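K.L.:
Sharing a structure with you now.
The values are calculated or read from the model by the stated rules, or taken from the named source; none is laboratory data. Computed from a predicted model, the values in this text were never measured in an experiment. So basically every Cβ, Gly included, is an ideal-geometry build from the backbone, and we count neighbours across all protein chains shown.
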Amino acid sequence: MAKQAKVRWVSEMQFVGETGSGHAIVLDAPAPGGRNTGPSPMELLLVGLAGCTAMDVVNILGKKRQPFHGVEVNVHGEQREEPPNVYTDIHVEYVVYGRGVSEKAVEQAIALSEEKYCSAAAMMNKVAKITTSFRIVEE
């Protein structure tokens, strides 16, 4: 399954990225090199990881008929100081909102995402140590 993307330089360090499916996003660098008008490429890697695993967890919890009404995934990444500034440590925190959600079901959903379904995690796990935590907010 092939995917494609391209970026087009706008000015300074600002680019517009376009996906093969027709979606666009502004990329930029923080000041002083850029104007901080969009996420950096490295931030997008964290967003991709969060989105990938969040989709898995929502799908799995739904199949397990868990009474959740919200899922938030917070990702924190530490990068090397010297180039290339790859992520070395990534922590993924899952926050599941609902009343009566099973801790075991959430643990299983996260494990399945990590070990089987999330392609972003499988790829990033090759260079970074990924740790996870979760909490259920009863509401």
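K.L.:
Give Ala5, Ala54 a once-over and let me know the one that is modelled with pLDDT of 95 or more, crowded, with 17+ Cβ neighbours inside 10 Å, in contact with a strand residue (DSSP E or B) (Cβ under 6 Å, 6 or more places away or on another chain) and among the small types (Gly, Ala, Ser). Spell out the reasoning first.
P.N.:
Numbers: Ala5 fails: crowded, with 17+ Cβ neighbours inside 10 Å.
That would be Ala54, the only listed residue that is modelled with pLDDT of 95 or more, crowded, with 17+ Cβ neighbours inside 10 Å, in contact with a strand residue (DSSP E or B) (Cβ under 6 Å, 6 or more places away or on another chain) and among the small types (Gly, Ala, Ser).
K.L.:
Please determine whether any residue of segment 71-88 is exposed (fewer than 15 other Cβ atoms within 10 Å of the Cβ), in contact with an Asp or Glu (Cβ under 8 Å, 6 or more places away or on another chain) and over 22 Å from Ile25 (Cβ atoms).
P.N.:
Yes.
K.L.:
Going by what's in this entry, would Ala121 be described as in contact (Cβ under 8 Å) with a residue 60 or more places away in the chain and buried (at least 17 other Cβ atoms within 10 Å of the Cβ)? Full working, then the answer.
P.N.:
On the way: in contact (Cβ under 8 Å) with a residue 60 or more places away in the chain: yes; buried (at least 17 other Cβ atoms within 10 Å of the Cβ): yes.
So Ala121 passes the test.
K.L.:
Considering only segment 69-87, I want to know if a residue exists there that is in contact with a helix residue (DSSP H, G or I) (Cβ under 8 Å, 6 or more places away or on another chain), in a helix (DSSP H, G or I) and at pLDDT 95 or above.
P.N.:
No, segment 69-87 has no match at all.
K.L.:
For segment 103-128, how many residues are in contact with a Cys (Cβ under 8 Å, 6 or more places away or on another chain) and either modelled with pLDDT under 95 or aliphatic (A, V, I, L, M) (or both)?
P.N.:
2
K.L.:
Moving to a separate point now. Checking the structure you have, find out if any residue of segment 53-69 is among the acidic types (Asp, Glu), under 29 Å from Ala2 (Cα atoms) and not assigned by TED's automatic domain parsing to the domain that holds Asp28.
P.N.:
Residues of segment 53-69 that are among the acidic types (Asp, Glu), as a first pass: 56.
With the extra rule that they be under 29 Å from Ala2 (Cα atoms), the set shrinks to 56.
Of the ones still in play, those that are also not assigned by TED's automatic domain parsing to the domain that holds Asp28 are 56.
Scanning segment 53-69 turns up at least one residue that is among the acidic types (Asp, Glu), under 29 Å from Ala2 (Cα atoms) and not assigned by TED's automatic domain parsing to the domain that holds Asp28.
K.L.:
Report whether or not Val95 is assigned to a strand (DSSP E or B), exposed (fewer than 14 other Cβ atoms within 10 Å of the Cβ) and of a type in the set (A, V, I, L, M). Before you say what the answer is, go through the steps one by one.
P.N.:
Numbers: assigned to a strand (DSSP E or B): yes; exposed (fewer than 14 other Cβ atoms within 10 Å of the Cβ): no; of a type in the set (A, V, I, L, M): yes.
No; evaluated as a whole, the condition is false for this residue.
K.L.:
Here's something else I'd like to know. Does Gly22 meet the test of being touching an Asp or Glu at 6+ places or on another chain (Cβ under 6 Å), outside the structural domain of Gly98 (by TED's automatic domain parsing) and either assigned to a strand (DSSP E or B) or not β-branched (Val, Ile, Thr) (or both)?
P.N.:
On the way: touching an Asp or Glu at 6+ places or on another chain (Cβ under 6 Å): no; outside the structural domain of Gly98 (by TED's automatic domain parsing): yes; either assigned to a strand (DSSP E or B) or not β-branched (Val, Ile, Thr) (or both): yes.
When the stated conditions are applied, Gly22 does not pass them.
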